[in-house]
Amino acid sequence: MRITALAGGVGGARFLRGLLAHLAASPDPGRSGADVTVVGNTADDVTFHGLRISPDLDSVMYTLGGGIDEARGWGRAQETSGVADELAAYGAEPSWFTLGDKDIATHLVRTRMLAEGATLSEVTARLCERWRPGVRLLPMTDDVVQTHVDLADGPGGAVRRVHFQEWWVRLHAAVPAVRIEAVGAERATPAPGVLDALREADVVVLPPSNPVVSIGAVLQVPGVRQALVETTAPVVGVSPVIAGAPVRGMADACLAAVGVPTTAAAVAGLYADFLDGWLIAEGDEAPARPGLVVRRRPLLMSSPAATADLAGAALDLGLELAGRERAA
Ligand SMILES: O=c1nc2n(C[C@H](O)[C@H](O)[C@H](O)CO)c3cc(O)ccc3cc-2c(=O)[nH]1
C-alpha cells in the first residue's frame, strides 16, 4: 500500500509518527508493509546567520527519527545553546530565533550542500540517511518559496511585510496579518517524485497541519492541487480545528488573515475540490458538501496511543472510500 501525506511541522510530524506506529502494529500485511511518502512544506524556510533552515522538514525528520525535542516539537532533544549564547554576546540578529548547537550541524550540512549545487531534495535525502525517518521525505519544491506576512501596524496603518518566522516567533502572530503570501510559489516546480506520489498513492492523507501556511503552501506549488483533484486515491484529512480553536499553534491567526472562520467545516472548504473524507471532533458541525464523507473521532493527539488511533481512523476512512470507488 502506498500512502502519501502532505505535512507541516509539529502537528504533521506527530500525526505521522502515529501513522507509522499504527502501521507497524497492524496485523494486516498491507498496512504493516505500507510505503509512506511525505511531501513537506518548505515555505517556512528561512536563512539566518547564513544558514538555511527548513523547520518543517526538520520537525518531521527529527520526530520520526527519534531526535526531536518533545516539549517544543521543533529542534533537537538534549540541546545546548553555546553558539546562540555567543551570537547573543555579539548582538547578532535575529536574537528572537534560537538555533541549538546540535540543530546547527543540520543547517551547516544543508547550507554547504546547497552552496555546492545540491538540490533541497538531495540534501533532505542525505540528512534522512542519518535519521531514517521510516518515510520518504520530499520537500514540496526544490525552488525557494517563502511565506511573507503583511502587517498593518506601521505609522498611520501603513503596511509592512515580514518573513513568516518573524510574525510567528517574534510577534507570536499577535499582530493581525492582512495578507499571507507564499512568495515564489507560483513559479515553483514540484520536487522530483511529488506529483507521482500523489497520483500513484492508494490513499492521500492530510494531517492536522496548519491549513494556510503549511498545507496551504504545499497546495500552491503548481501541479500539486491538480494532482490531488485527479488522483484516483481518496484524499482524507484530519481537522486541525476543534470547537472553534486550533488543536495546536496559532492557525486561527492564519485563517483570520485569509478570511476563513476557525471551524472544521470552513477548513474543509479550503480543500473542497479534492477532499473525499474528513475527520472532525465530536460536537463539531459537519461541512455541508455532498459526497464528502465525515466521521467524528477524538482528534486530540494526547498520547502515542491516541495519535496512532487517530491515524488509523484516517487510514480506515481512506481505505473504505477506496473500496467504495472500486465497487462503483
Ligand atoms: O518559537 C520558536 N520556534 C522556533 N522554531 C519553530 C518554527 O519557527 C515554527 O514553529 C515553524 O516554522 C512552524 O511550523 C524553530 C524551528 C527550527 O527548525 C529551528 C529553529 C527554530 C527556532 C525557533 C524559536 O527560536 N522560537
Selection over the stretch 15-41 where residues are farther than 26 Å from Asp143 by Cα and in a helix (DSSP H, G or I) yields a count of 14
Considering residues of the stretch 70-102 that are open to solvent by less than 40 Å² (accessible area, probe 1.4 Å) and closer than 18 Å to Ala7 by Cα only, the residue nearest to the ligand (Cβ to nearest atom): Gly75
Test each condition in (1) closer than 25 Å to Asp316 by Cα; (2) buried (at least 19 other Cβ atoms within 10 Å of the Cβ) for Pro27 and report the one that comes out false. (2)
Hits in the stretch 197-213 (condition: over 18 Å from Thr147 (Cβ atoms) and assigned to a loop (DSSP other than H, G, I, E, B)): Glu200, Ala201, Asp202, Pro207, Pro208
Of all residues in the stretch 136-190, which are of a type in the set (S, T, N, Q), crowded, with 16+ Cβ neighbours inside 10 Å and closer than 24 Å to Gln226 by Cα? Thr141, Gln146, Thr147
Give the residue that is modelled with the highest pLDDT, with candidates limited to residues of the stretch 10-24 that are open to solvent by 10 Å² or more (accessible area, probe 1.4 Å) and within 13 Å of the ligand (Cβ to nearest atom). Arg14
Only one of Val229, Val247 is surrounded by fewer than 23 Cβ atoms within 10 Å (Cβ to Cβ) and at pLDDT below 95. Can you tell me which? Val247
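From Val293, Val258, which residue is among the β-branched types (Val, Ile, Thr), closer than 22 Å to Arg225 by Cα and open to solvent by 30 Å² or more (accessible area, probe 1.4 Å)?
Exactly one of Val293, Val258 is among the β-branched types (Val, Ile, Thr), closer than 22 Å to Arg225 by Cα and open to solvent by 30 Å² or more (accessible area, probe 1.4 Å), namely Val258.
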Give the residue, chosen from Leu319, Leu315, that is assigned to a helix (DSSP H, G or I) and over 19 Å from the mean Cα position of the chain (by Cα). Leu319
Just to be sure, is Val218 within 16 Å of the ligand (Cβ to nearest atom), of a type in the set (A, V, I, L, M, F, W, C), under 18 Å from Leu120 (Cβ atoms) and crowded, with 21+ Cβ neighbours inside 10 Å? yes
Please count how many residues of the stretch 40-58 are within 8 Å of the ligand (Cβ to nearest atom) and within 9 Å of the chain's Cα centre (by Cα). 2
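The values are calculated or read from the model by the stated rules, or taken from the named source; none is laboratory data. Worth saying up front: this structure is predicted, and the values here are computed from it rather than measured. Every residue, glycine among them, receives a Cβ derived from its backbone with ideal geometry; neighbour counts consider all protein chains shown. When the accessible area is computed, the model is the full protein with side chains, heavy atoms only, and any ligands, DNA or RNA have been set aside. Shrake-Rupley method; radii C 1.70, N 1.55, O 1.52, S 1.80 Å.
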